[in-house]
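**Q** Here you go, one structure.
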Amino acid sequence: MSKSTRRIGIAMGDTLQRVGELIFETDGRRQTSLFRYALEWLDDRDSFPLAPNLPLSDTHFHSGSRSSPRSALPGPVADGAPDAWGRGLIRKARRRGLTELDYLLAVDDTTRQGALRYLDEAGQPLAQTYPPVPRLNELDDLRRLVGSADEGFELAPDLRDRLIGSAGSLGGARPKATVRDDRGALAIAKFTSAQDTMPVERMEAATLALARDTGLNAASAHVELKRSAHPVAVIQRFDRTASGRRTHYLSAQSFLGVEDGTDAYYTDIADMLRAHAADAKAEMEELYRRILFTILVSNNDDHLKNHGLLSVGGGRWSLAPAFDINPQPYRRRHLETGISEQSGNAASIEAALEAAPFFDISADSAASMLARMATTVRERWRHHGLAAGMTPAEIKLYEDAFDHEETSTAQRLAGAFDR
C-alpha cells in the first residue's frame, strides 16, 4: 500500500488560536506523525507547551512506534481521541480500516476532551455533524439507546450518529455519553452495562462523594434515574470552566511522556509535579492522599489514563479532580500505577507510608493524614452508598472493598493520630 499523508491544523480553545500543524502518515502497516508549533504560537507571550515533552521550539516532534499504533499521535492529541467504548461505536459505523487520525476526527468537536481542536485547510474545525448534545431530561431515552449498542444490536444510522456524537472522546470501555446538565454544562453520563452484576454506577458516585469527604479534590457526581434498575452516574466535566470555556487537559501518561502500557510510578508523577506544577507542594500532597485513598477503597483501576492534569498557564499544571475510582471487592488488590520502584504495584499502606518523603511529606504528617482518612472512609462509606440508592444487600457486596487487611494496617499504624 502506498503511503498517504494528511496535514491537520491544531488550534486552542474557543478562539481557535493556531497552535501548530500535525502531519500524519500511514503506509497501511505503520502510522506516524510529526507535530510542529506555529510561529504565531511561539511568538505569543501567553503560549505554553502542550506537554512537558513538547517544549516550545521551532522543530518537529515525532510520534509513532512499530509496537503500538496508539502511539501514532502526540500525547496531548491522543488524549482527545476516543477509547474502547467510542472506538467500538465508530468501527461499527465506518466498517473499514481506520487510522488513529480517523478515530480522532470522528469525535464531535463540541464534546471533545480538553481544549485542542483540529482544522482543515480553510481554518475551520474538522468535526462530524452530529445531533446536539443531549440534555438530562433525555437521559432515559439515551440509556435505552446505549443499552442496545452495549448488547450488540444494530442501530439505524441516525441513532448511531446520535450515540457517536454524545460518546465523544470519553475514555474507558464502559458505556457512557456526554450530556448537558440543568445549567447547560457538559457532564459525563455513565450507564449500567448489561454485563453488570454489581451496582457499579451507584458505587462510583458514592465513592467520589466519599473522596470529597476525606478532603480530596474529586469530581462532582450524582445518580440520575435513581429508582430505576438501570441508574446513571452523572459526573461533572472538569475540562470546561463554569462559563463553558475549554481547558487544556493531559492524562498522566502524556504528562510523563510515555507510551501506553509503560510501567510508571506515583513517584514519577511527583517528580514531574515538582518540576512543572504551579504549587508543587500542594499538588504532591494531593497526589499522595490519592494513593492512600486508592488503597483504602480497593481501587485497582488507577492506570496513567485515569490521572489527569489541567493547564493553569505559563507551562504550569495542576492535578485534575480525581475520577474513575471504582472499589473492587472481588479482585486481587494491586495498583496499576505503583507507588515507587521499591514497592512495585503492591497496594500496601506500609509502602505508602515509607514513600512519604518522595512526596516531600514527613512521616508524622503522613500518619496523621492516614488516620483521618481511614476514619472517614470507615465511618462514611455506607452512608454514601445509601445516599446513591444502594440497598443494604448491595452495600454488603462491597464490604470487602472497605474492610480488609490494609484498612486494619492503616488503623494500627496511624492509631496514635486517630481522632
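What follows is calculated from the coordinates using simple rules that are stated; it is not laboratory data. The model shown is predicted, which means the values in this text are computed figures rather than measured ones. As a convention, Cβ positions derive from the backbone with ideal geometry for all residues, glycine included, and neighbour counts pool all protein chains shown.
**Q** Determine the equivalent ellipsoid of segment 136-236 by diagonalising the alpha-carbon gyration tensor, then write out the semi-axes as square roots of 5 times the eigenvalues, largest first, rounded to whole Å.
**A** 24, 15, 12
**Q** Okay, next question. So how do 197, 110, 32 line up by other beta-carbon neighbours within 10 Å, fewest first?
**A** 197, 110, 32
**Q** To continue, here is another question. Under a 5 Å amide H to amide H cut-off, with H placed in plane at 1.01 Å, what residues pair with residue 298 once short-range neighbours are removed?
**A** Sorted by chain and number, the residues that satisfy this come to none at all.
**Q** Further question: For segment 183-197, take each phi angle, set θ = phi - 60°, evaluate the Karplus expression 6.51 cos²θ - 1.76 cosθ + 1.60, and give the result in whole Hz per residue in order, putting x for glycine and proline.
**A** With coefficients 6.51, -1.76 and 1.60, one gets 9, x, 7, 6, 9, 9, 9, 10, 9, 5, 8, 4, 8, 5, 10 Hz.
**Q** Measure up 226/305; 92/226; 92/190 against 24 Å on the Cα-Cα distance and list the ones that go over.
**A** Result: 226/305; 92/226 exceed 24 Å.
**Q** I would also like to ask the following. Tabulate in residue order the Karplus-calculated ³J(HN,Hα) for segment 116-122, using 6.51 cos²θ - 1.76 cosθ + 1.60 with θ = phi - 60°, rounded to whole Hz; enter x for Gly and Pro.
**A** Using θ = phi - 60°, the values come out as 6, 9, 10, 10, 7, 5, 8 Hz.
**Q** For residue 135 and residue 46, what does the FRET efficiency come to when R0 = 41 Å and r is the distance between their Cβ atoms, rounded to the nearest 0.05?
**A** Working from the Cβ atoms, E equals 0.75.
**Q** Segment 109-144 to segment 1-73: how many Å between their Cα centroids?
**A** 22
**Q** Moving to a separate point now. I need 340, 251, 243 ordered by Cβ neighbour count within 10 Å, fewest first.
**A** Fewest to most other Cβ atoms nearby, the residues stand as 243, 340, 251.
**Q** Separate question: Report the calculated FRET efficiency for residue 331 and residue 245 (r = Cβ-Cβ distance, R0 = 45 Å), to the nearest 0.05.
**A** Efficiency computed from Cβ-Cβ geometry: 0.70.
**Q** Which semi-axis lengths, in whole Å and largest first, follow from the square roots of five times the eigenvalues of the Cα gyration tensor of segment 1-156?
**A** 30, 21, 13
**Q** Just to be sure I understand, if you calculate percent of Cα pairs over 27 Å apart for this structure, which of [x] 53; [y] 60; [z] 49 do you get?
**A** Identified label for the calculated read-out: [x].
**Q** Oh, and also: Based only on other Cβ atoms within 10 Å, what is the fewest-to-most ordering of 235, 339?
**A** 235, 339
**Q** Can you compute the FRET efficiency between residue 120 and residue 15 using 1/(1 + (r/R0)^6), with r the Cβ-Cβ distance and R0 = 25 Å? Round to the nearest 0.05.
**A** So the FRET efficiency works out to roughly 0.90.
**Q** Using alpha carbon coordinates only, what is the Rg to Rh ratio of segment 249-417, with Rh defined as the Kirkwood radius?
**A** 0.97
**Q** Summing +1 for each Lys or Arg and -1 for each Asp or Glu, what net charge is found among the other residues whose Cβ lies under 10 Å from the Cβ of residue 213?
**A** +1
**Q** If N is the number of residues in segment 311-363, what value comes out of its Cα radius of gyration divided by 2.2 N^0.38 Å?
**A** Segment 311-363 yields a ratio of 1.45.
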